[in-house]
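J.: The structure that follows is given in the form of structure tokens.
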Amino acid sequence: MSREIVLLGSQRRPSVQHVVRDVDPAARIATVTAGWREREPDDVELNELLGNRAVNLSLHARWQDVLENDRDYASAEREHEKALDELRQLYLTQLDHALDATYDIAAGKEGRPRFRDRVLADALELVRMADEQHLVRVREAHLEFYDAWQPQTRPLVAAHRERVREILQSATAVVIAGGHVGELVKVLHLFHVEPHLPELVVAWSAGAMALTERVVLFHDFVPHGVAQTELMGEGIGLLGNLVPLPDARRRLRVNDPVRMSVLSRRFAPAHCLVLDDGVRVRLTDGHLPADARVVDHGGRITAVEAA
């Protein structure tokens with residue numbers, strides 16, 4: 001099936017209306033607001049933007065139902081989350097040292113450039129190695145959990161999966177909002193959403209991040225200083241070789257060519273896609289349009305055709 005994916009910037013209200021205006025007025029549009037967590041049902045405005053034809057998949061509420069009524073599974077999931085947090089803390093400790101060294105080398109001006117370039121390449125490789133090892137460990141932890149507890153065979157999860165499948169099969173499009181990307185990815189996986197997505201998928205913010213093969217968390221401006229850009233784990237894999245950067249100009253030091261260059265080179269060959277206010281990027285079969293804005297290896301934001 002040929003699938004069209006539209007990624008939106010943060011000021012998405014007119015963009016959402018524009019994207020779905022050609023959808024049959026009688027057609028159903030599924031929505032995912034699970035990233036809003038307890039505010040998941042507060043979707044009146046979104047429904048109005050979609051012409052009052054939206055059906056919320058209610059993934060967060062379904063997940064809460066599972067946790068409340070399957071206590072053994074809920075306890076196992078809490079332990080699993082603790083294990084993932086331990087892995088993350090170890091990864092961040094490793095990453096702090098590797099990235100700080102990489103930034104220092106990349107910012108250097110003295111000495112022979114050919115030496116510095118080789119050492120920088122080695123430093124980036126160490127960062128990528130830390131990323132890859134963390135991704136493997138997280139994947140293994142998830143597989144162990146799923147093998148042990150097989151949520152797909154638990155009656156409550158199976159019933160919710162079937163209802164989600166029915167809604168998606170009757171929908172012409174699905175709209176995935178932002179919010180907390182970790183919980184969004186979790187419920188998208190738990191309720192097996194990806195295989196049943198319709199031909200048109202519209203997403204923004206955490207919703208765009210969740211569609212990727214690898215979810216990258218980033219924020220250069222946090223209360224305690226600078227947070228390292230990190231790999232969270234695997235998204236639902238709809239988009240390969242893409243790192244969406246929602247609110248990039250507010251969340252990244254875009255005027256720091258060293259940090260931006262390291263970001264771009266670290267995740268190559270994936271494109272670091274800038275999704276600022278009002279942006280609308282339409283992908284067909286996973287391909288970016290030529291005018292999409294990405295971060296090039298020099299740390300500049302430019303059209304993908306020039307990157």
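The values are calculated or read from the model by the stated rules, or taken from the named source; none is laboratory data. Given the structure is predicted, the values throughout are model-derived calculations rather than measurements. For neighbour counting, all protein chains shown are included, and Cβ atoms are generated from backbone atoms with ideal geometry for every residue, glycine included. Remember, those area values only see protein heavy atoms, side chains included, never the ligands or the DNA or RNA. Shrake-Rupley method; radii C 1.70, N 1.55, O 1.52, S 1.80 Å.
J.: In Å², what does the accessible area per residue of the chain work out to with a 1.4 Å probe?
T.: With all protein chains present, the chain gives 49 Å² per residue.
J.: Which whole-Hz ³J(HN,Hα) couplings does region 177-192 yield from phi under the Karplus relation 6.51 cos²θ - 1.76 cosθ + 1.60, θ = phi - 60°, glycine and proline marked x?
T.: Running phi through 6.51 cos²θ - 1.76 cosθ + 1.60 with θ = phi - 60° gives 7, x, x, 7, 5, x, 6, 4, 4, 4, 6, 4, 6, 4, 9, 6 Hz.
J.: Would you mind working out the magnitude of the charge dipole of region 246-291 relative to its Cα centre, with +1 at each Lys and Arg C-beta and -1 at each Asp and Glu C-beta, to the nearest 20 Debye?
T.: It comes to approximately 240 debye.
J.: If r is the Cβ-Cβ distance from Asn255 to Arg139 and R0 is 22 Å, what FRET efficiency results, to the nearest 0.05?
T.: Result of the calculation: an efficiency of 0.05.
J.: Can you list residues whose amide H is under 5 Å from Gly299's amide H, if they're 5+ apart or on another chain and H is modeled 1.01 Å from N?
T.: Ser261
J.: Oh, and also: For region 120-151 and region 67-104, compute the distance between their C-alpha centroids and round to whole Å.
T.: 11
J.: Place the peptides 29-38, 49-58, 145-154 in order of packing, highest mean first, counting for every residue the other Cβ atoms within 10 Å and averaging per peptide.
T.: So the order, starting with the most tightly packed, is 29-38, 49-58, 145-154.
J.: Taking H placed 1.01 Å from N in the peptide plane, check which residues at least 5 places from Leu50 or on another chain put their amide H under 5 Å from its amide H.
T.: none
J.: Per 0.36 nm of contour for each residue apart, how much would the distance between Arg3 and Arg282 grow if the chain were fully extended, relative to their Cα-Cα spacing?
T.: Between Arg3 and Arg282, full extension yields 99.4 nm more.
J.: If you don't mind, another one. Ignoring everything but the protein chains, give the 1.4 Å probe accessible area of Lys186 in square angstrom, nearest 10.
T.: Counting only protein heavy atoms, the figure is 50 Å².
J.: Continuing with this model, one more query. Under 5 Å between amide H atoms, partner at least 5 residues away or on a different chain: which partners does Val215 have, H built in plane at 1.01 Å?
T.: When sequence neighbours closer than 5 places are left aside, the close amide H contacts are Met232, Gly233, Glu234, Gly235.
J.: Using a simple spin-label model with points 7 Å from Cα along the Cα→Cβ vector, what separation in nm is obtained for Gln64 and Ala83?
T.: 2.7
J.: Right, here's the next one. With every protein chain left in place and a probe of 1.4 Å, what is the accessible surface of His297, to the nearest 10 Å²?
T.: Answer for His297: close to 110 Å² accessible.
J.: So what's the gap between the Cα centers of region 214-289 and region 182-211, to the nearest angstrom?
T.: Comparing the Cα centres of region 214-289 and region 182-211, I get a distance of 17 Å.
J.: Could you give me D for region 123-276, from Stokes-Einstein at 37 °C and 0.692 mPa s, where the hydrodynamic radius is the Kirkwood radius over C-alpha pairs? Units µm² s⁻¹, please.
T.: D = 194 µm²/s.
J.: Same structure again: Quick check: with the 1.4 Å probe, what order do Leu217, Leu190 take by accessible area, largest first?
T.: Leu217, Leu190
J.: Grab the Cα-Cα distance for Gln152 and Asn241, subtract it from 0.36 nm times how many residues apart they are, and report the gain in nm with one decimal.
T.: 29.2 nm
J.: Determine the gain in length on full extension of the stretch His297-Ser75; use 0.36 nm per residue of separation and subtract their C-alpha separation, reporting nm with one decimal.
T.: This chain segment gains 75.4 nm when fully extended.
J.: Ok, one more. Take Glu194, Glu199 and sort them by solvent-accessible surface of the protein heavy atoms, 1.4 Å probe, largest at the top.
T.: Descending order: Glu199, Glu194.
J.: Rounded, prolate or oblate: pick one for the chain, where a ≥ b ≥ c are the square roots of the eigenvalues of its C-alpha gyration tensor, a/c under 1.5 means rounded, and failing that, prolate if a/b is larger than b/c, else oblate.
T.: Judged from the Cα gyration tensor, the chain comes out oblate (a/c at least 1.5, b/c at or above a/b).
J.: I would also like to ask the following. Please find the FRET efficiency linking Ala159 to Leu217, where r is the Cβ-Cβ separation and R0 is fixed at 45 Å, and quote it to the nearest 0.05.
T.: According to the calculation, E is roughly 0.90.
J.: Per-residue HN-Hα couplings for region 27-41, Karplus 6.51 cos²θ - 1.76 cosθ + 1.60 at θ = phi - 60°, whole Hz, x for Gly and Pro?
T.: In residue order, the calculated couplings are 7, 8, 10, 7, 10, 10, 10, 4, x, 7, 6, 5, 8, 3, x Hz.
J.: Over the Cα atoms of region 78-203, Rg to Rh with Kirkwood Rh, two decimal places?
T.: For region 78-203, the value is 1.15.
J.: Hey, another quick one. Kindly express, to the nearest 10 degrees and within the range 0 to 90, the angle between helix 155-169's C-alpha long axis and the longest C-alpha principal axis of the chain.
T.: 90
J.: I would also like to ask the following. Just from its helices, what would the mean residue ellipticity at 222 nm be for the chain, if runs of 4 or more DSSP H residues each count -39500 (n - 2.57) and the sum is divided by every residue, rounded to the nearest 500 deg cm²/dmol?
T.: That calculation yields -15000 deg cm²/dmol at 222 nm.
J.: Relative to the longest principal axis of the C-alpha atoms of the chain, give the angle of the C-alpha long axis of helix 257-267, reported between 0 and 90° and rounded to the nearest 10°.
T.: 60
J.: May I ask you to give the average projected area over all directions of the convex hull of the Cα atoms of region 14-90, in nm² rounded to one decimal?
T.: Projected area, direction-averaged: 7.3 nm².
J.: Using only Cα atoms and rounding to the nearest 10 degrees, what angle (0 to 90) does helix 71-107 make with the longest principal axis of the chain?
T.: On a 0 to 90 degree scale, this one is about 20.
J.: Rank these by accessible area, largest first, 1.4 Å probe: Asp85, Asp65, Asp296, Asp42.
T.: Result of the area sort, largest leading: Asp42, Asp85, Asp65, Asp296.
J.: On to the next question. Taking the Cβ-Cβ separation of Glu45 and Asp100 as r and a Förster radius of 41 Å, what is the calculated FRET efficiency to the nearest 0.05?
T.: Calculated transfer efficiency: 0.45.
J.: Further question on the same structure: How many percent of DSSP beta bridges within the chain run antiparallel, rounded to 5?
T.: 40
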